[in-house]
Structures are given as structure tokens and as C-alpha cells.
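Below: one structure, written as C-alpha cells.
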Amino acid sequence: MITHKIVTSPVGVLTLVAMDGLLSKVRLGPPAAPAGAGTPYGIAAEDGFEDVERQLTEYFEGRRCCISVDTNPQGTEFQRRVWEQVSGIAYGRTASYKQLAVLLGDAAKARSVGAALAHNPLNLVVPTHRVVGSRGALTGYSGGVDAKRYLLELEQAPQTEHLRRNCLRADSVPA
């Protein structure tokens, strides 16, 4: 069964989608559907999203460095490998598309890495906003460059220094 819930955040509307109780999508923006079609995000539900909503609130308040919930993202093997590498980028840090390609074994695949990130279904959970151009440029982001800038600035804000010191990986939670 597929369910969804729409929530607001400092970067705009988020659509949370669960498939059989596992978070499968965090989309920046309202549900998108072709004209005349039903939503591909299943039925609207108020229940089942409490944990991810709490963690998102804590993240945006500067009290959490990652969203750590059970997920079921849909993607190719290569996409999943890229998303796994991105999940290892520590809070407040960035990596370039080329650096990720090198970690995946082929520096020439930087564009393929970018394409995989464009298909990341779990925005904020898989922190693709932490991936920048080789010279630090804020390149494409499915939520828009303004949202990417906001998220990177949040992670560099003075009040989040404790998270940068204590969260060595994206999936760590400060003690």
C-alpha cells in the first residue's frame, strides 16, 4: 500500500511517501501528477509519518544531522551505490560529483553521478544537497538551488557547530 503526507518546511512543501510502511520518497514540492490522473503517491494519510516528521523538524531546528528512518528507495544498482556514497558525506561537509565518481571507481562518471543524484527519491534523507561542482559551485538540485543554498547554510550556521563536530557521517546522530 502506498500512502503520502504533505508537510511544510523551511525549504517549502515536502511530500512524504511510504510504500508498505517504509519511507520511499521525500519530494521537495507538492505531489505532481499528470492532468486528469490520480496521484502516483497513493492515498493521503495522517498516520505513519510521525518519526520522519519529528526528525525533519529536529534537522531544520539544528538539533539533528541526519534523517534516520527505515527506507525503501527505488532505483538502479548504480543509483543506489551513488546514494550510499552520498549518505557518507558528513553533516556540514560537501563533496564534488567527480570525488564521488572516483570513490565509485571511475572519475569519468561524474555526469552519471549527477544523473543518479537527480533521481534520488529521498531528498534530505540522502543528502544530495551536499554534492557540489568541482569548484564548489551550487549546481543542480531537485529542490532548486535556493533550497540547496539554504540547507548548506543551515549546516554551516554557528548554532549547528556541535553537529559538525559530533556527526562524522551523514547517518550519525550526536550523543
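The values are calculated or read from the model by the stated rules, or taken from the named source; none is laboratory data. This structure is a prediction, so every number in the text was calculated from the model and none was measured. FYI the Cβ positions are ideal-geometry reconstructions off the backbone, even for glycines, and counts take in every protein chain you see. Ligands, DNA and RNA are excluded from the accessible area calculation, which covers all protein heavy atoms including side chains. Shrake-Rupley method; radii C 1.70, N 1.55, O 1.52, S 1.80 Å.
Descriptive notes on the structure:
- Any hit, segment 29-39, residues being crowded, with 19+ Cβ neighbours inside 10 Å and out of contact with any Cys (no Cβ under 7 Å at 6 or more places or on another chain): no
- Leading residue by the ranking (most open to solvent (accessible area, probe 1.4 Å)) among those in segment 45-79 that are acidic (Asp, Glu) and either out of contact with any Lys or Arg (no Cβ under 9 Å at 6 or more places or on another chain) or modelled with pLDDT under 95 (or both): Glu77
- For segment 117-150, residues that are open to solvent by 60 Å² or more (accessible area, probe 1.4 Å) and modelled with pLDDT of 90 or more total 5.
For every residue, the table says whether it meets (1) over 18 Å from the mean Cα position of the chain (by Cα); (2) assigned to a loop (DSSP other than H, G, I, E, B).
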| position | (1), (2) |
| --- | --- |
| Gln85 | no, no |
| Ala90 | no, yes |
| Arg93 | no, yes |
| Ala101 | yes, no |
| Ala108 | yes, no |
| Arg111 | yes, no |
| Leu117 | no, no |
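Residue-by-condition table, conditions (1) touching a residue at least 24 places away in the same chain (Cβ under 8 Å); (2) closer than 19 Å to Gly29 by Cα; (3) out of contact with any helix residue (DSSP H, G or I) (no Cβ under 7 Å at 6 or more places or on another chain); (4) basic (Lys, Arg):
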{"residue": "Val86", "(1), (2), (3), (4)": "yes, no, no, no"}
{"residue": "Lys109", "(1), (2), (3), (4)": "no, no, no, yes"}
{"residue": "His129", "(1), (2), (3), (4)": "no, yes, no, no"}
{"residue": "Arg135", "(1), (2), (3), (4)": "no, no, yes, yes"}
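- Qualifying residue in segment 155-165 (condition: in contact (Cβ under 8 Å) with a residue 40 or more places away in the chain, open to solvent by less than 70 Å² (accessible area, probe 1.4 Å) and within 22 Å of Val7 (Cα to Cα)): yes
- Residue match in segment 85-102 (condition: among the hydroxyl-bearing types (Ser, Thr, Tyr), open to solvent by 80 Å² or more (accessible area, probe 1.4 Å) and within 23 Å of Leu152 (Cβ to Cβ)): no
- Within segment 9-24, restricting attention to residues that are polar (S, T, N, Q) and within 14 Å of Leu56 (Cβ to Cβ), the residue that is most open to solvent (accessible area, probe 1.4 Å) is Ser9.
- Checked against (1) farther than 25 Å from Ala157 by Cα; (2) surrounded by 14 or more Cβ atoms within 10 Å (Cβ to Cβ); (3) at pLDDT below 95, Met1 meets all criteria but (2).
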